[in-house]
Amino acid sequence: MIETISKTDMMTSVEIRNEELLEILNGSLDFFKTVPFDMGHNTSQKDVERREEYCSDEYFNHIKKLWTAHDGFPEMLCGVAFEGGGPPNIKSETPNIAELMGNYQDIAYRINEWAGAKRNALFAVYPPGGYISWHNNANCAAYNVLFTWSEEGKGRWKHWDPKKKEIVVIEDKPGWQCKMGYYGCYESSADGREIVYHMAETECLRATVAFIFNVDETGKKMAEMLLEEIQTP
C-alpha cells in the first residue's frame, strides 16, 4: 500500500479498492458516454490529426526548453473540458448546455465531497483520438489526485522523470485508474525536480476527473488521508 506523497516523486499509480468511491465514480459513466463532442472547440478531425504533433517527444522537448516561458497550461486539449485545462473549450451555442453543465457539476461535487479536496481542477472527456498536449501545471502547484476512466484501455499517460531522465509511460486499462502526486512550480523548483511534464492520449473513449490539495502541510496530510481511503476496501 502506498502511504506517502513526496514532492520529488512523480505521479504514482494507486489501486482503487474503496467500494463507496467506485460506486460514485461508476455513477458518472452514463454522462461520459453521452457527451456530444461537437460541443468542444478542439474536437474536429483536423484537431484529432494534430495528436502526433502535440504528443510527440519533439513537442515535449520544445515545452521543456521554454522553461518559465511556458505558462503551465496545455496548448491543446482535444476533447471536452468542463473545468480546468486552460481557457474554456465549450461552444456557448451547444444545445442543452445548461443541462450538461448541471450534470457535470453534480458529478464533480459528489466525487469532491467524498475526496475532501480543495477543488476540481480538470473534468475532461476525450473521444477516440483525443489527447491533452504536453504541459506541466507549474502555474498551479498542488498535491493532485487523478481519476481516469477508459472504455477499452486503449490509451496512456506519459510524464518526464527528472531522476531517471526518461519519459515514463502508464498504459490505461479498461475501467477506472487513479494516480496521485505533486505538481511543483518554477519558483520552488529551480532544478526542475518538482516539475511534472505530462500528457495523455487515447484511441477509445476516455475521461479524467482531477482534484487538488494545497501545498502546505495540511494539504499534504489531507492528500495522504485520501490516499489511504482510496486503497481501503
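Values quoted throughout were computed directly from the atomic coordinates according to the rules given, and no laboratory measurement underlies them. Please read these numbers as outputs of a predicted model, since none were measured by experiment. Counting neighbours? That spans all protein chains shown, and the Cβs are built from the backbone with ideal geometry, glycine included.
Applying the condition of being of a type in the set (A, V, I, L, M) and over 17 Å from the mean Cα position of the chain (by Cα) to region 72-131 and asking which residue is farthest from A207 (Cα to Cα) yields A98.
State all residues of region 27-51 that are polar (S, T, N, Q) and in contact (Cβ under 8 Å) with a residue 24 or more places away in the chain; if no residue qualifies, say none.
S28, N42, T43
Candidates M10, M1: the one that is in contact with a Lys or Arg (Cβ under 9 Å, 6 or more places away or on another chain), in a loop (DSSP other than H, G, I, E, B) and not small (G, A, S) is M10.
Of the strands (runs of 3 or more DSSP E) contained entirely in region 128-184, those carrying at least 3 residues that are under 23 Å from E194 (Cα atoms) and without any contact (Cβ under 8 Å) to a residue 24 or more places away in the chain fall at 166-171.
Contact map, region 185-198: residues that are closer than 21 Å to E58 by Cα paired with residues that are among the hydroxyl-bearing types (S, T, Y) and in a loop (DSSP other than H, G, I, E, B), Cβ distance under 9 Å, separation 6+ or inter-chain. Pairs shown: G192/Y186; R193/T8; I195/Y186; I195/S189. Taken together, the residues in region 1-57 that are out of contact with any Ser or Thr (no Cβ under 8 Å at 6 or more places or on another chain) and under 21 Å from G175 (Cα atoms) amount to 24.
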